[in-house]
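Reviewing the structure listed below.
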Amino acid sequence: MRLFLKPSNVTEFAALHLNLAPVPVGEVMFSLPLARAVMAGVRLGVFKRLAEKDASLEELAGELGLRPEGARLLLQALASIDHVNESGGRWSLTKNSRRWLDPASDTYVGTFIEHSYDYWEWWQRFERLLETGESVAIHGDDPDDPHWRRYIVGQFELARLSAPEVARAVELPKDPRSLLDVAGGHGWFSAALCKRHPTLSSTVVDLPGSAAIGREIIADNGMSERVRHREGDMFEADLGGPHDGALAFNIIHHFDPPTCVRLLTRIRESLKPGGTVAVLDLFLPKSGRAPDAAAFLGLFFHLTSGAATYSPDDLAAWLTEAGFTKPKGVRIRRIPGQTLYLARAR
Ligand SMILES: C[S@@+](CC[C@H](N)C(=O)[O-])C[C@H]1O[C@@H](n2cnc3c(N)ncnc32)[C@H](O)[C@@H]1O
């Protein structure tokens with residue numbers, strides 16, 4: 001893993017350059033503990049406690065019910081990736097990490113990280129997936145399964161980082177009244193668009209387990225009058241309309257190409273002529289060569305729903321087939337790698 005295999009002297013540089021160092025061992029040995037150390041920091045309350053006040057190792061371990069020996073190793077690992085630091089025997093959360101790991105921060109992403117304990121189990125099934133094609137089907141849980149809360153609150157934590165930027169980038173017809181948000185989950189992108197357009201209300205169509213959590217998030221933020229959740233499968237539910245615009249965010253990577261065309265066609269049928277469809281996702285680069293993040297996300301999407309990461313050309317072809325104009329892409333800076341594509345119903 002390049003992150004860990006930065007040479008610190010000439011001998012190490014030569015060993016790596018001449019392919020004398022066992023790079024695959026480093027990839028495996030370091031990536032698993034790195035992920036698990038950050039996850040444990042959230043789950044065990046290490047970041048929360050250090051966000052409140054600095055602590056000695058003994059104080060921290062005592063208060064969290066940890067063995068000091070293990071807690072020290074965890075803190076040292078977290079210090080090596082700059083999440084915590086130590087000064088004069090006191091441990092604290094770094095300024096950069098406070099932003100993401102302090103539960104009191106409005107940019108906290110700890111629930112998203114907590115949700116990755118589910119991933120840990122899912123990856124156990126990876127080789128079998130490659131052999132048999134049986135993916136995890138993360139959207140198949142019962143509506144009252146606790147997984148939905150971790151999943152949708154985690155998605156909300158990410159969405160609130162980029163929603164204002166995304167809402168500015170989505171072009172809707174003048175004085176828009178009606179928005180459709182398929183698979184909108186938490187509904188936060190809808191809320192951001194409704195805040196931007198005083199005339200607008202949105203309908204979020206999502207599965208019951210997700211809609212229940214989304215409804216709570218929207219109510220907690222005082223937006224229930226403008227953003228309503230409709231429970232249902234977006235391939236069968238009444239999508240209402242005709243709408244001025246529709247969002248399909250972080251959803252096409254869960255379906256195969258014919259299913260994506262079916263979804264986009266349903267969306268187009270629910271729009272007014274000239275209405276906007278906005279598709280937000282992580283795409284493969286145009287060159288066709290997968291960079292690390294898109295390649296690994298492709299594996300993750302394959303694991304979680306049997307699908308993949310797609311290219312902008314794939315999306316353009318599906319939009320054309322579904323009756324939309326050629327899409328225009330807008331890079332979203334707050335979530336690196338994410339692109340918003342906008343097209344109009346023909
Ligand atoms: C990755 S989340 C994206 C949530 C939100 N659009 C965002 O960008 O943050 C995927 C969402 O798709 C929903 N979903 C999956 N299959 C669906 C279906 N057949 N009908 C409606 N919603 C579905 C899930 O319940 C979940 O809320």
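When the test is whether a residue is under 26 Å from A191 (Cα atoms), free of Cβ contacts under 8 Å to residues at least 60 places away in the same chain and open to solvent by less than 40 Å² (accessible area, probe 1.4 Å), T94 does not pass it. For region 66-79, the count of residues that are in a loop (DSSP other than H, G, I, E, B) and without any contact (Cβ under 8 Å) to a residue 60 or more places away in the chain is nonzero.
Against the numbered list (1) open to solvent by less than 60 Å² (accessible area, probe 1.4 Å); (2) over 15 Å from D256 (Cα atoms), P273 comes up short only at (1). Note on region 204-228: among residues that are more than 10 Å from the ligand (Cβ to nearest atom) and in contact (Cβ under 8 Å) with a residue 40 or more places away in the chain, the one that is most open to solvent (accessible area, probe 1.4 Å) is A212. In region 277-320, how many are among the hydroxyl-bearing types (S, T, Y), within 16 Å of the ligand (Cβ to nearest atom) and not in a helix (DSSP H, G or I)? Number of matching residues: 2. Being among the hydrophobic types (A, V, I, L, M, F, W, C), over 22 Å from F112 (Cα atoms) and surrounded by 13 or more Cβ atoms within 10 Å (Cβ to Cβ) holds for only one residue in A77, A35, A15, and it is A15. Identification of helices (runs of 4 or more DSSP H) wholly contained in region 143-250 with 2 or more residues that are basic (K, R) and closer than 27 Å to P273 by Cβ yields 188-196.
Scanning region 234-258 for residues that are under 21 Å from the mean Cα position of the chain (by Cα) and within 11 Å of the ligand (Cβ to nearest atom) returns M234, L247, A248, F249, N250, I251, I252, H253, H254, F255.
Within region 177-198, the set of residues being within 12 Å of the ligand (Cβ to nearest atom), open to solvent by less than 10 Å² (accessible area, probe 1.4 Å) and more than 20 Å from D233 (Cα to Cα) comprises A191 only.
The values are calculated or read from the model by the stated rules, or taken from the named source; none is laboratory data. These numbers come from a predicted model, not from an experiment. With ideal geometry, Cβ positions are generated from the backbone for all residues, glycine too; neighbour counts draw on all protein chains shown. All accessible areas refer to the heavy atoms of the entire protein, side chains included, with ligands and DNA or RNA removed. Shrake-Rupley method; radii C 1.70, N 1.55, O 1.52, S 1.80 Å.
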